[in-house]
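Heads up, the thing below is written out as structure tokens.
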Amino acid sequence: MIQSKTSQNGAFSMIRCGVGKHVFGIDMDCIRSIEQTDWVQGEGGADGLCGYLQTAREQIPVYSLGERLGQRLTGVPDEQRVVVVESKRPFALLVDR
């Protein structure tokens, strides 16, 4: 699990996520963890739903960031990751890198 807060000098900490040729940044304070794709279970569905990530406490929906943004995932499946976003209702994003 990766946990990070804004650095001591006030700099903004971000994680870079790639989908195809595009790169996006997410504030590290919003990230709960980064997981391997083999932990995703279930079938895909509407709105880019890829499946679910089961934890001890909850079932977190996993969405394809590429599909949600109208892009295609082009990465090698072994290199893809699931970024779990902390929120009132946690969700996860499947990214190429």
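The figures follow:
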item: Relative contact order [Cα under 8 Å, 6+ residues apart], the chain, whole percent; result: 28 percent
item: Given charges at Cβ of Lys, Arg, Asp, Glu: the chain dipole, positive-most of 42, 71, 23; result: 23
item: Shape of the chain, Cα gyration tensor, a/c cut at 1.5; result: oblate
item: Low-density loop positions, chymotrypsin sites (Phe, Trp or Tyr not before Pro), region 9-87 - DSSP coil, at most 10 other Cβ in 10 Å; result: 12
item: Cα-projected label distance for residue 24 with residue 36, points at 7 Å along beta-carbon direction, nm; result: 2.5 nm
item: For the chain, calculated [θ]222 nm from helices alone, where every DSSP H run of n ≥ 4 adds -39500 (n - 2.57); result: -500 deg cm²/dmol
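Read-outs: derived from the displayed coordinates by stated rules, not from any lab. Bear in mind that the values here come from a model prediction, so they are computed numbers and not experimental data. Cβ atoms come from the backbone with ideal geometry, glycine included; neighbour counts cover every protein chain shown.
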